[in-house]
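Reading through the structure tokens given below for one structure.
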Amino acid sequence: MKNHTLYNTPVGETVRICKLHAKGTIRRRLLDIGLTKGAKATCLYQSPAGDPKAYLIRGAVIALRSEQSRQIEVK
Amino acid sequence: MGLTNNSTGSSANAFDLDIKKTSPNDVVVALAGNPNVGKSTVFNSLTGLKQHTGNWPGKTVGNAQGHYTYSGKTYTLVDIPGAYSLSAHSAEEEIARDFICFGGSDVTVVVCDATCLLRNLNLVLQTLEITNKVVVCVNLMDEAKRKKIEINCKKLSKELGVPVVATSAREGKGLKILTEAISRVAAANALPKGCWVVYQPEIEEAIDMVMSSLKNLKAHINLRWLSLQLLDLDESLRHALISHLGQDLMAIPKIADAIKKAKEHLAANGFDEVRLRDAVVADIYKKAEAICKEAVLYLDTEYNRRQLKIDRLVTGKATGIPIMILLLLFVLWLTITGANYPSALLSSALFKLQDYLLAGFAAVDVPAWLYEPLVLGVYRVLAWVVSVMLPPMAIFFPLFTLLEDLGYLPRVAFNLDACFKKCHACGKQALTMCMGFGCNAAGVVGCRIIDSPRERTIAILTNCFVPCNGRFPGLIAIITMFFVAKTTGIVATVWATLCLAFVILLGIGMTFFASFVLSKTLFKGIPSAFTLELPPYRRPQIGKVIVRSVFDRTLFVLGRAVAMAAPAGLVIYVMANLQIGGLSLLAHCADFLDPFARLLGLDGVILMAFILGFPANEIVIPIAVMAYMSTGVITEMESLNSLQMVLRAQGWTWLTAACTIIFSMFHWPCSTTLISIKKETGSFFLTAVGFLLPTLVGMLLCFLLRSFVHIFMGL
């Protein structure tokens, strides 16, 4: 089965965070903006080049690059 | 584009925790909060200062300070940079953490965004672990109301154990209650313990183990918080602790031993470093969720549809980039068109005044050797600077500030991030680049919003590839004189706009190119993580925008230009009139530079003007004109047409104009910018790179263009 990550969440869809694969300070940053286990995230729109994409996370719109969103497992 | 006294002046190095009290009895209040929650607006409303505000995360990068009095006591308010948490990932978050922990503030106000309170509580709860002298200010209540979010501050206050005040700082609501709450907390001798997050049992046990070893530590630090930090100590906090406590806790055997045992205890229960961090943040968020459940009511869970529609349009695949370019063109067109008429008016008025001044001085028998340098040197350059610079700035700055207030700039960063990523740089560089349009020195300081030191350095070194406001008027003048002179009316302004836009896009292109080259050579590395908050659009406060951009930015920049131009005018006059061996000193210098300058398609005078313009780019063109006029016939300088005649008489062709434009875009940064680069990087080497990089690029481009034209077009 293909891994569901935040990156391949289609625009307009809402998912729940399962697991973070990021390490170090990036992991800490993602946690701090509210990407803890079970948190909801909605993919709102993407930039002209398709990356980064903007997500609704805990009430705020936050842009993430594919390098980060690929490391976030969702369901 | 935080271009104010604060960002470019003496306090640009606000990394330090130097508090400027009016008297030793001052109450020090720290203003903390997530980025872009309106801290600066709260700060301004309380202190009456004009700390620059803008709708994008990370615009306050230093510690701004101000004072206010409340019932006879003076409060020193310190606006610290926005931070998502106190675990410090970036230079700004480090400042924020160090100030809350060790800054010695009497009260910490945590400003929260009412529209996403949950995430803001993360910072509140972390702050409460350090101190209970906290006031929580839930700002942007007006926005929350519009989004149908109801917040019960009483319940929130009960849950958090500290005063909670609801405010709408932009409308000035709730600020009086805030000052009351601050004074109450400041005056209280003993405060109830604030809300603490209770972590999982194993973590609590580990905290206790470390805490018992710290019992004898005499320091104004919350020991529970310190214990938790010691379990997972990052380097920056370790250094901060050492300098604050005067000793390295890790070097004390008893403490080191306790930490080791506590870590073993954690490890035995499956908590390695990663799991510990995750668990800590997860527990904080769990607590925050529980609090929000009690105190926050979402009546409408749908994300704002109108905002989403606009965002999808301005970041769309087909529409995002064109809208950006159209906006740029529109702003430039308005600037050029709007500046034409007042510019001509100003210059004719100021030059008429020059005649009166000359006549007046002569009439009251002031000796000519005294008034001529003053009038023909100092006054004339000043007149030039004012008439050429003021109108475009007075139009460009407010327009730009409007876009900034609206919240458009983060979208620019979002759109351009892919390009920056290809250059192995950070998308936030788009924000600092935009600041560079205002002032490169401010742009350089603004680079603090970039987390990765490597990407920050790249952004700092490439900032002056975009023309600052000091260079705009000169560019506009040359373009108008040499590239659109044959046309008139609307065609001319449209054509001038396109030329200017092309020049700016060239600058942006060079920014990408230079970033790319730097990241492949001096600063190798992969792009780091990128998280950028896209704030909701906010209706700009037109009146405030105009007042702020005119008084705070335009007049400040103009004032600096005038301060630099006055002595430069005098120097030029003296150089032009000091004869050595039958030739003026000016001519000697210009002759000396001439052979080299010719290689670049310039001439000796232009190159000398660039060198003398080192203190401020604004004065380069005026100096060149002064120099020409003092060597040639003095002409009435009432319009660009007559100026063009002077320049053509000095041998200017379209190639000279093109090379001057290129060199104006790419040459050494002004002295203020270089000082900022030195301050921000702390390295002479990098400052030298910052000096040489644009200079070499400019020289190379000019040389190539000139050679190409000479060889293929026979000019």
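Of the helices (runs of 4 or more DSSP H) lying entirely inside region B:413-519, the ones with 1 or more residues being within 14 Å of chain A (Cβ to nearest Cβ) and out of contact with any helix residue (DSSP H, G or I) (no Cβ under 6 Å at 6 or more places or on another chain) are found at B:453-462. So, in region B:83-108, of the ones that are small (G, A, S) and within 12 Å of chain A (Cβ to nearest Cβ), which residue ends up nearest to B:V42 (Cα to Cα)? The qualifying residue nearest to B:V42 (Cα to Cα) is B:A83. Within region B:146-158, the set of residues being part of a helix (DSSP H, G or I) and modelled with pLDDT under 90 comprises just one member, B:R146.
Against the test of being modelled with pLDDT of 85 or more, in a helix (DSSP H, G or I) and surrounded by fewer than 15 Cβ atoms within 10 Å (Cβ to Cβ), the options B:K317, B:K293 yield a single qualifying residue, B:K293. Set side by side, the residues B:L532, B:L583, B:L506 differ, and just one is crowded, with 16+ Cβ neighbours inside 10 Å and either more than 26 Å from B:A658 (Cβ to Cβ) or not assigned by TED's automatic domain parsing to the domain that holds B:M665 (or both), which is B:L532. Those residues that are at pLDDT 50 or above, more than 16 Å from B:E93 (Cα to Cα) and out of contact with any Leu (no Cβ under 6 Å at 6 or more places or on another chain), I need them from region B:1-37; list them, please. B:D18, B:I19, B:K20, B:K21, B:T22, B:S23, B:P24, B:N25, B:D26, B:V27, B:V28 - these are the residues of region B:1-37 that are at pLDDT 50 or above, more than 16 Å from B:E93 (Cα to Cα) and out of contact with any Leu (no Cβ under 6 Å at 6 or more places or on another chain). Cβ-Cβ distances below 9 Å connect the following pairs, each with a first residue in region B:130-151 that is of a type in the set (S, T, Y), a second residue that is surrounded by 21 or more Cβ atoms within 10 Å (Cβ to Cβ), and a separation of six or more residues or different chains: B:T131/B:I100; B:T131/B:C101; B:T131/B:S105; B:T131/B:V107; B:T131/B:T108. Which pairs have Cβ atoms under 7 Å, sit 6 or more apart or on different chains, and link a residue in region B:310-323 that is more than 7 Å from chain A (Cβ to nearest Cβ) to one that is small (G, A, S) and surrounded by 16 or more Cβ atoms within 10 Å (Cβ to Cβ)? From residues that are more than 7 Å from chain A (Cβ to nearest Cβ), the pairs are B:V314/B:G320.
Scanning region A:43-53 turns up no residue that is basic (K, R) and within 7 Å of chain B (Cβ to nearest Cβ). Among the residues making up region B:117-150, those that are within 13 Å of chain A (Cβ to nearest Cβ) and over 23 Å from B:L86 (Cβ atoms) are B:E143, B:A144, B:K147, B:K148, B:I149.
Results for (1) among the aromatic types (F, W, Y); (2) part of a loop (DSSP other than H, G, I, E, B); (3) within 35 Å of the chain's Cα centre (by Cα), shown as yes or no for each residue.
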| position | (1), (2), (3) |
| --- | --- |
| B:V197 | no, yes, no |
| B:E205 | no, no, no |
| B:L217 | no, yes, no |
| B:W225 | yes, no, yes |
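Criterion first (assigned by TED's automatic domain parsing to the domain that holds B:S387, part of a helix (DSSP H, G or I), of a type in the set (F, W, Y) and exposed (fewer than 14 other Cβ atoms within 10 Å of the Cβ)) does B:F551 satisfy it? So B:F551 fits the description; yes.
Filtered by the rule that a residue be touching a strand residue (DSSP E or B) at 6+ places or on another chain (Cβ under 8 Å) and outside any helix (DSSP H, G or I), region B:181-195 gives a lone residue, B:G194. Checked against the criteria, B:T487 counts as in contact with a Phe, Trp or Tyr (Cβ under 8 Å, 6 or more places away or on another chain) and either surrounded by fewer than 16 Cβ atoms within 10 Å (Cβ to Cβ) or at positive phi (or both).
When we screen B:L555, B:L585, B:L534 for residues that are modelled with pLDDT of 85 or more and farther than 22 Å from B:E372 by Cα, the only hit is B:L534. Of all residues in region A:18-25, one or more are within 11 Å of the chain's Cα centre (by Cα), more than 18 Å from B:A413 (Cβ to Cβ) and at the interface with chain B (Cβ under 9 Å from one of its Cβ atoms). Candidates are the residues of region B:90-120 that are farther than 23 Å from B:G446 by Cα and part of a loop (DSSP other than H, G, I, E, B); the one that is modelled with the highest pLDDT is B:D106. So is A:R27 touching a strand residue (DSSP E or B) at 6+ places or on another chain (Cβ under 6 Å) and charged (D, E, K, R) or not? So A:R27 fits the description; yes. Do you know which residues across region B:424-475 are of a type in the set (S, T, N, Q) and closer than 18 Å to B:F397 by Cα? Selection gives B:T432, B:N440, B:N469. Scanning region B:525-561 for residues that are of a type outside the set (S, T, Y) and more than 14 Å from chain A (Cβ to nearest Cβ) yields a count of 21.
Filtered by the rule that a residue be buried (at least 16 other Cβ atoms within 10 Å of the Cβ) and more than 27 Å from the chain's Cα centre (by Cα), region B:320-343 gives B:T337, B:N340, B:S343. Between A:L64, A:L6, the distinction of being within 7 Å of chain B (Cβ to nearest Cβ), of a type outside the set (G, A, S) and either on the phi > 0 side of the Ramachandran plot or within 9 Å of the chain's Cα centre (by Cα) (or both) belongs to A:L64 only. Residues in region B:655-688 that are closer than 15 Å to B:L700 by Cα and of a type in the set (F, W, Y): B:F663, B:F666, B:W668.
The values are calculated or read from the model by the stated rules, or taken from the named source; none is laboratory data. Because the structure is a prediction, the values reported are computed rather than measured. Virtual Cβ from ideal backbone geometry, glycine too; neighbours counted across all protein chains shown.
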